[in-house]
Amino acid sequence: MAGEPRLGADWFDGRSARARPVEVWLDGQTLHFGDQSAPLSGVGWPERQRHGQRQVLLPGDGLLSFADAAAFDDWARASGRSDSAIVRWQQSWRLALLSLVLLVAGLAAGYRWGLPWAVDTAVDALPQGVEVSLGEHLLDGLDDEWLKPSRLGAAQQQAWQARWSAVLDRARRQGGVDVPERFEIHFRDGGKALGPNAFALPGGDIVITDALLELLADEPDAVMTVLAHELGHVQHRHGLRMVLRAGAVSVVASVIVGDFSTLLAAAPAVLASNAYSRDNERQADLYGRSLARAGGVDTSRMAVFFERLAKKHASVGDHPLAIAISTHPADVERVAFFNQR
Amino acid sequence: MLDIDAAPAAAPAPLPAEPRVLQIRFTGSGSEYFRIWAVNLLLILVTVGLYLPFAKARRIRYFYANTFVDDQALSFHGDPWKMFRGFLLLVLLMGVYSVAGHFSSTAAFVAFLILCAVWPALWRASLQFRLGNTSWRGLRMRFDGSLKDAYLASAPSYLPAIALVGGASLIGPDTNAAVAGGFTPAMALYSVGALCMTLFAPWSLTLFKRYQHNGYCIAGQHSRVKLSTAKVYLLSLKTMGMALLPMIVAGLLVALAFGLSRGLGGSQRALLGTAVLGIGIGLGYLLMFAVVLPYGAARMQNLAWNGTRSQALGFKSALKFRSLFGLTLKNWLLTALTLSLYRPFAAVATARLRLEAVTIDCHEDPADWVAAAHAGHADATGDIAGDFFGLDMGL
């Protein structure tokens with residue numbers, strides 16, 4: 001044994017708190033300390049660090065404590081103990097920075113390809129019942145907070161429903177566009193907060209506000225195109241996708257900054273939802289245009305809708321916060337899209 | 001951040017007359033922890049999150065190896081595979097809870113009840129796990145708070161919370177009826193819950209701290225804490241007073257900017273208004289966290305640890321609000337500016353400040369201590385649950 005490199009340590013046996021100075025050496029797969037020994041496989045070996053104490057955790061409760069960390073590292077190397085790959089990465093600035101670069105690249109790739117794939121898989125796997133009850137729950141919540149029953153008379157509501165059914169029937173006969181199995185139009189008064197608006201919830205519930213119908217009372221084709229656009233969200237199950245995406249992004253963000261600030265953790269989820277929702281809008285526009293045209297609707301009337309919407313927003317422009325949200329540079333693009341033959 | 005409550009629960013000295021002071025030193029380095037953090041994050045990403053408990057064990061080991069009490073570092077014996085089981089249990093629990101919330105208010109309430117029913121037991125199990133896997137001079141620490149006391153300590157915050165959530169889920173479906181019929185029992189339940197939760201908050205905090213600080217053990221030492229509810233209430237009032245400061249500062253700045261913008265024309269003025277409002281809210285938020293949280297945290301740490309002692313040990317904590325305020329402000333600004341790259345540096349700096357504020361008087365020589373003979377006693381099931389699931393909820 002004389003040939004093995006040796007090092008002094010304080011041995012605590014786990015029963016008494018008194019330190020016992022011992023000599024430590026390695027012999028094959030056995031760790032010797034004083035007149036004791038333990039198999040290396042049962043020992044907790046410390047990682048090489050620049051700071052902090054080196055302790056070898058022994059089976060049971062005991063431990064060996066080394067006062068001089070640098071001497072321990074030299075001894076461990078001389079005894080044939082090599083650093084694990086993780087320690088080598090942690091101790092090298094170059095590799096640690098490389099991990100950050102890989103991390104960012106991995107997150108970007110996950111965001112670009114992994115997340116949509118995971119969401120698609122989850123959306124396909126979830127039974128529709130789950131989606132429907134999620135949508136109903138959301139609608140209940142909206143009814144409590146934001147929405148009031150529609151001020152429209154039953155006759156008016158029926159007239160809109162009849163017109164919408166006619167468009168759908170014609171589109172079905174024409175073929176070429178798939179219509180989702182389950183969907184339902186709800187008329188609601190969204191008050192000033194929501195204004196002229198329409199949105200689709202997971203599970204196929206579509207809400208359209210009185211203000212929108214008033215704004216477009218003389219432009220039924222524009223209303224039909226808006227509804228067809230919302231049906232596009234239902235067809236592509238955008239609502240459920242948004243919920244899943246926001247959830248996944250906020251979980252990832254909370255791992256990185258979570259215990260630091262919930263606000264910082266929430267920001268990426270919001271940004272991600274906005275980025276995805278732009279793609280969703282394009283997809284729904286495409287579907288809406290095809291469906292509405294198949295149903296004999298003149299989609300170019302959407303120009304009137306965007307024009308009136310812009311005018312309405314301009315008139316409330318005095319409010320300081322309105323500036324941030326009222327500009328719709330994409331309007332021109334969308335008008336052109338719905339005019340395109 | 002290192003759990004301040006678990007770390008410095010050890011220390012001793014020889015002569016009964018003149019206590020020896022056990023100094024706490026923290027030698028961690030931000031730049032070294034930064035590299036550990038970077039590699040940990042990459043591994044978490046590569047394993048789709050499954051590496052989390054292993055990363056946590058590595059982080060605790062790094063912080064422990066750098067926490068010296070009287071020149072001997074703490075050691076962490078936690079088995080990451082056991083922590084992995086605890087991690088899966090918590091993920092499952094939180095997953096079920098958040099999914100239930102998406103579907104119906106009744107399901108959410110039932111899930112909340114289940115969570116309330118198991119949480120005190122999990123809390124105790126995680127304290128047992130963390131303390132039981134922490135050793136100093138080869139002696140394992142222990143947590144001996146009883147299961148009953150964990151529930152008693154939780155009751156004043158959990159019961160009002162249950163009333164609050166229960167009331168809210170009852171109000172949910174019949175809002176219109178409630179508006180028409182005035183004050184319903186559900187709304188009464190909700191309001192009483194909210195009121196009690198607010199009024200009891202300092203009391204609850206006292207009970208939580210008492211439960212923790214009455215349960216720490218090492219060798220023959222059992223910690224006991226003297227923490228008066230009145231003092232915690234007083235501290236809460238002072239903290240609320242501190243919360244007014246950032247609001248006033250931000251409000252004054254916004255008012256000043258609006259006053260100055262009088263001369264400007266319509267659209268310019270509106271734009272400036274938006275910007276000022278945004279900056280004002282951001283500033284108020286930043287100051288709120290940089291002032292209020294450090295104030296509460298610093299004073300509470302001092303209050304709890306200065307009241308804690310065991311047979312031979314007395315703890316002293318002299319954490320200054322000014323230091324923690326400066327550090328928190330700096331941590332926040334740099335973390336935000338570096339898109340969270342500064343976070344590991346912030347964690348190390350905060351741990352250093354909070355740990356090194358604590359000193360321990362010891363009336364015995366800790367070298368004379370021997371491990372307590374602990375055979376299985378009445379609470380063995382709790383111990384097993386904590387150990388089996390490797391629950392470790394503290395950060």
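Specify which of the listed residues (B:Phe76, B:Phe143) is under 21 Å from the mean Cα position of the chain (by Cα), within 30 Å of A:His51 (Cβ to Cβ) and free of Cβ contacts under 8 Å to residues at least 60 places away in the same chain.
B:Phe76
Taking segment A:187-231, which residues are aromatic (Phe, Trp, Tyr) and in contact with a Ser or Thr (Cβ under 8 Å, 6 or more places away or on another chain)?
Residue satisfying the conditions is A:Phe187 alone.
Please specify each residue of segment B:346-372 satisfying the condition of being assigned to a helix (DSSP H, G or I), within 12 Å of chain A (Cβ to nearest Cβ) and either farther than 27 Å from B:Gln23 by Cα or of a type outside the set (Ser, Thr, Tyr) (or both).
B:Ala346, B:Ala347, B:Val348, B:Arg352, B:Pro366, B:Ala367, B:Asp368
So that you can scan it fast, the table gives a plain yes or no per residue for (1) surrounded by 17 or more Cβ atoms within 10 Å (Cβ to Cβ); (2) among the basic types (Lys, Arg); (3) at pLDDT 90 or above:
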residue	(1), (2), (3)
B:Ala155	no, no, yes
B:Tyr158	yes, no, yes
B:Ser169	yes, no, no
B:Asn176	no, no, no
B:Gly182	no, no, no
B:Pro202	yes, no, yes
B:Leu205	yes, no, yes
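When you scan segment A:129-235 for helices (runs of 4 or more DSSP H) that lie fully inside it, which ones turn up with 2 or more residues that are among the polar types (S, T, N, Q)?
Filter on segment A:129-235 gives A:154-174, A:220-235.
Please state which of the following conditions B:Ala73 fails to meet, knowing it meets all the rest: (1) at the interface with chain A (Cβ under 8 Å from one of its Cβ atoms); (2) among the hydrophobic types (A, V, I, L, M, F, W, C); (3) assigned to a helix (DSSP H, G or I).
In the conditions (1) at the interface with chain A (Cβ under 8 Å from one of its Cβ atoms); (2) among the hydrophobic types (A, V, I, L, M, F, W, C); (3) assigned to a helix (DSSP H, G or I), B:Ala73 misses (3) alone.
Return the residues of segment B:297-341 that are in contact with a strand residue (DSSP E or B) (Cβ under 9 Å, 6 or more places away or on another chain), polar (S, T, N, Q) and outside any helix (DSSP H, G or I); say none if nothing qualifies.
B:Thr308, B:Ser310, B:Gln311, B:Ser317
Picking from A:Arg112, A:Arg77, A:Arg48, which residue would you name as being of a type in the set (Lys, Arg), more than 10 Å from chain B (Cβ to nearest Cβ) and in contact (Cβ under 8 Å) with a residue 40 or more places away in the chain?
It is A:Arg48.
Report the residue count in segment A:74-100 for those that are surrounded by fewer than 14 Cβ atoms within 10 Å (Cβ to Cβ), polar (S, T, N, Q) and in a helix (DSSP H, G or I).
Of the residues in segment A:74-100, 0 are surrounded by fewer than 14 Cβ atoms within 10 Å (Cβ to Cβ), polar (S, T, N, Q) and in a helix (DSSP H, G or I).
Quick one: would you say A:Asp140 is surrounded by 13 or more Cβ atoms within 10 Å (Cβ to Cβ), in the same structural domain as A:Glu184 (by TED's automatic domain parsing) and among the acidic types (Asp, Glu)?
Criteria met by A:Asp140.
Evaluate the following for A:Trp113: is it farther than 25 Å from B:Phe34 by Cα, within 34 Å of the chain's Cα centre (by Cα) and not assigned by TED's automatic domain parsing to the domain that holds A:Arg237?
In short, yes.
Just checking, which of B:Ala125, B:Ala108 is in contact with a helix residue (DSSP H, G or I) (Cβ under 8 Å, 6 or more places away or on another chain), at pLDDT 85 or above and closer than 23 Å to B:Leu159 by Cα?
None of the other options fit; the residue is B:Ala125.
Do we find a residue being at the interface with another protein chain (Cβ under 9 Å from one of its Cβ atoms), surrounded by fewer than 16 Cβ atoms within 10 Å (Cβ to Cβ) and at pLDDT 85 or above anywhere in segment A:63-70?
Scanning segment A:63-70, I find at least one residue that is at the interface with another protein chain (Cβ under 9 Å from one of its Cβ atoms), surrounded by fewer than 16 Cβ atoms within 10 Å (Cβ to Cβ) and at pLDDT 85 or above, so the answer is yes.
Of everything in segment B:28-70 that's of a type in the set (Val, Ile, Thr) and part of a helix (DSSP H, G or I), which residue is farthest from the other protein chains (Cβ to nearest Cβ)?
Only one residue tops the list, namely B:Ile60.
So for segment A:146-155 (the condition being of a type in the set (A, V, I, L, M) and buried (at least 16 other Cβ atoms within 10 Å of the Cβ)), does at least one residue qualify?
So far as segment A:146-155 goes, yes, one or more of its residues are of a type in the set (A, V, I, L, M) and buried (at least 16 other Cβ atoms within 10 Å of the Cβ).
Please go through segment B:305-345 and give me each residue that is at pLDDT 90 or above, touching a helix residue (DSSP H, G or I) at 6+ places or on another chain (Cβ under 8 Å) and over 20 Å from B:Glu356 (Cα atoms), ordered by number.
B:Leu334, B:Tyr342
Within segment A:285-337, can you find the residues that are more than 14 Å from chain B (Cβ to nearest Cβ), modelled with pLDDT under 80 and not in a helix (DSSP H, G or I)?
A:His328, A:Pro329
This table checks each residue for (1) exposed (fewer than 13 other Cβ atoms within 10 Å of the Cβ); (2) at pLDDT 90 or above; (3) within 7 Å of chain B (Cβ to nearest Cβ).
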site	(1), (2), (3)
A:Gly28	yes, no, no
A:Leu31	no, yes, no
A:Gln55	no, yes, yes
A:Leu58	no, yes, no
A:Phe72	no, yes, no
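Go through (1) in the same structural domain as A:Asn280 (by TED's automatic domain parsing); (2) assigned to a helix (DSSP H, G or I) and name the single condition A:Val119 misses.
Every listed condition holds for A:Val119 apart from (1).
Out of all the residues in segment B:19-42, which are hydroxyl-bearing (Ser, Thr, Tyr) and either in contact (Cβ under 8 Å) with a residue 60 or more places away in the chain or within 17 Å of A:Leu98 (Cβ to Cβ) (or both)?
Residues satisfying the conditions are B:Ser29, B:Ser31, B:Tyr33.
Within segment A:18-35, how many residues turn out to be more than 23 Å from B:Asp79 (Cα to Cα) and without any contact (Cβ under 8 Å) to a residue 24 or more places away in the chain?
Residues meeting the conditions: 7.
Can you find a residue in segment B:108-117 that is in a helix (DSSP H, G or I), free of Cβ contacts under 8 Å to residues at least 24 places away in the same chain, within 14 Å of chain A (Cβ to nearest Cβ) and among the β-branched types (Val, Ile, Thr)?
Among the residues of segment B:108-117, not one is in a helix (DSSP H, G or I), free of Cβ contacts under 8 Å to residues at least 24 places away in the same chain, within 14 Å of chain A (Cβ to nearest Cβ) and among the β-branched types (Val, Ile, Thr), which makes the answer no.
Report whether or not B:Met83 is outside any loop (DSSP other than H, G, I, E, B) and crowded, with 21+ Cβ neighbours inside 10 Å.
It is true that B:Met83 is outside any loop (DSSP other than H, G, I, E, B) and crowded, with 21+ Cβ neighbours inside 10 Å.
When residues of segment A:12-46 are filtered for being outside any loop (DSSP other than H, G, I, E, B) and either outside the structural domain of A:Ser82 (by TED's automatic domain parsing) or more than 29 Å from A:Arg88 (Cβ to Cβ) (or both), how many remain?
6
Of all residues in segment B:302-333, which are farther than 28 Å from B:Leu283 by Cα, within 14 Å of chain A (Cβ to nearest Cβ) and surrounded by fewer than 18 Cβ atoms within 10 Å (Cβ to Cβ)?
Passing the criteria: none in range.
The values are calculated or read from the model by the stated rules, or taken from the named source; none is laboratory data. Note that the coordinates shown come from a computational prediction; the quantities given were computed from them, not determined experimentally. Here the Cβ is made from the backbone with ideal geometry for all residues, glycine too, and neighbour counts use every protein chain on show.
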